[in-house]
Amino acid sequence: MIYRQATNDSPEVKFNIESKILIIKGNSYPENCSGLYNPIKQFIENYNIEEMSSLELHCHFNLLNSTSSVHIAQLIMLLADKRSKGLNCKVIWTYDEHDEEMLDLGEKLASISKLDIEFKVELDD
Amino acid sequence: MSLGKQYQDCEKIILKNYQDLRNRHSDNLICSHIGEFSQEILISLVSLTANSLLKAPYLKGFKRRLEYIIIEIVQNIIAHSDKIQKKSQLAYFMVVEEKDGFQLYSTNTILNKNAHLFVDCINNLIESNTDELNTILKKHLKLAELDKSGRAGIGLLSILYKTDKNFAYELIQIGEEVSILNLSLTLKKEMA
């Protein structure tokens, strides 16, 4: 199981075993990005395809440093690898209205991983 | 010149430049810090900037880009500013609001043996146009490589891409071993 509370510089991470949805949401610019993302990568690597059959990754970032973006690229590649081994997976990439750079990053990740990433815009209040 | 003397000279120059900049921008200063940099200082600088711009009529994406650049520059100082003789860090960072945009200043000491690597890297990036920077960025994401310390090493590349190369640097050699690295960036305003 995986859970991490959000802080000023790191996102909330949570997995719902019933819905099989893994959510990463918030800021991501910690000093130690590996400490944040390695357990998530481990979780995906160890994900039992036969038992679980599907996994949805929901990403919604506010502030993201460049090292975090590379860790996220690694996560997405891992998912693409799992898909090639039979996992039914889906990525939902939510970006805030006017945050074109977050949309741009999501599009780059879709392009390099060949995963179908669904984009959702969160409108301003 | 001894390393101790080079440290003292850096200290004098950095302190004087910081005070001159503060005096020049006393009316339009958004945030600044001099001395040791840490993740806690970074969080505080991001928060100060966000609060200063809370009611400002800029596009949300623009505010976020400014905060993003602050993060990359300060994490660059934390990771790459060389401490001289294991003494405290000699560095400062400042954000000021100008009529047409935001100006960001960053200064730190750097060992000459490391300065050449920085200069080679930055000159290669400056020579690339925005489309080429985009391609390099995408290539790094695809390779998804991290160094031994777990960093991606694409902070400067991202900064140049996001500021549309409104970036200047100056390397001032203080002695045989130490230089001062000054960076200045401009982010043009985008109104809502």
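No value in this document is a laboratory result; all are computed from the given coordinates. Since this is a predicted model, take the numbers as computed values, not measurements. Glycine also receives a Cβ, built like all others from the backbone with ideal geometry; neighbour counts cover every protein chain displayed.
Sort A:Glu107, B:Glu72, B:Glu170 by Cβ crowding within 10 Å, fewest neighbours at the top.
B:Glu170, A:Glu107, B:Glu72
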- Query: Mean shadow of region A:2-122, computed from the convex hull of its alpha carbons, in nm²?
  - Reply: 6.8
- Links exceeding 31 Å between C-alpha atoms in this model, out of A:Lys41/B:Lys86; A:Lys14/B:Lys142; B:Lys16/B:Lys189; A:Lys108/B:Lys86, come to A:Lys41/B:Lys86; A:Lys108/B:Lys86
- Note on the structure: Ordered by number, the trypsin sites (Lys or Arg not before Pro) in region B:27-81 that occupy a DSSP loop and have at most 10 other Cβ atoms within 10 Å are B:Lys55
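Quick check: residue separation of B:Ile41 and B:Asp164 times 0.36 nm, minus the Cα distance between them. What number comes out in nm?
Details: separation 123, 0.36 × 123 = 44.28 nm, distance 2.66 nm.
The span from B:Ile41 to B:Asp164 would gain 41.6 nm if fully extended.
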- A correct fewest-to-most ranking of A:Ser53, B:Ser52, A:Ser66 by other Cβ atoms within 10 Å would be A:Ser53, B:Ser52, A:Ser66
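Averaging over all projection directions, find the projected area of the Cα convex hull of region B:122-188 and quote it in nm² with one decimal place. Before the final figure, lay out the partial values.
Working: hull surface 23.1 nm².
Computed as one quarter of the Cα hull surface, the answer is 5.8 nm².
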- Name the residue farthest towards the positive end of the dipole of the protein assembly as shown from the options A:Ile92, B:Phe37, B:Leu157, assuming +1 on Cβ of Lys and Arg, -1 on Cβ of Asp and Glu, about the Cα centre. B:Phe37
- Note on the structure: Pseudo-spin-label distance A:Met52 to A:Lys85, built 7 Å along Cα→Cβ, given in nm, is 1.1
- Item | Net charge dipole size for region A:55-125 [Lys, Arg +1 and Asp, Glu -1 on Cβ; Debye, nearest 20] | 780
- Given charges at Cβ of Lys, Arg, Asp, Glu: region B:40-115 dipole, positive-most of B:Ser81, B:Ser52, B:Tyr92: B:Ser81
- Query: B:Asp20 to B:Glu98: extension gain in nm, 0.36 nm per residue of separation minus the Cα-Cα distance?
  - Reply: 26.4 nm
- Quote the FRET efficiency, to the nearest 0.05, computed for B:Asn129 versus B:Ala56 with a Förster distance R0 of 30 Å and r equal to the Cβ-Cβ distance. 0.45
- How big is the protein assembly as shown by Rg and Dmax over its Cα atoms, in Å? 20.8, 68
- Item | Alpha carbon centroid spacing (whole Å) that separates region B:3-74 from region A:81-125 | 33
- Message: Using Cβ contacts closer than 10 Å as the measure, can you line up B:Cys121, A:Cys33 from fewest to most?
- Response: B:Cys121, A:Cys33
- Task: Restrict the search to region B:8-61; then list the GluC sites (Glu not before Pro) that DSSP places in a loop and that have at most 15 other Cβ atoms within 10 Å of their Cβ.
- Result: B:Glu36
- Computed magnitude of the charge dipole of region B:60-192 (debye, nearest 20; Cβ of K, R +1, Cβ of D, E -1): 520
- Top positive-direction residue, dipole computed over the protein assembly as shown with Cβ charges, set B:Ser2, A:Ser68, A:Ile21: B:Ser2
- Under the rule of -39500 (n - 2.57) per DSSP H run of 4 or more residues, summed and divided by the residues of the protein assembly as shown, what mean residue ellipticity at 222 nm is obtained, to the nearest 500 deg cm²/dmol? -15000 deg cm²/dmol
- Task: Could you tell me whether chain B comes out rounded, prolate or oblate from its Cα gyration tensor? Rule is a ≥ b ≥ c as square roots of the eigenvalues, rounded for a/c under 1.5, then prolate if a/b exceeds b/c, otherwise oblate.
- Result: oblate
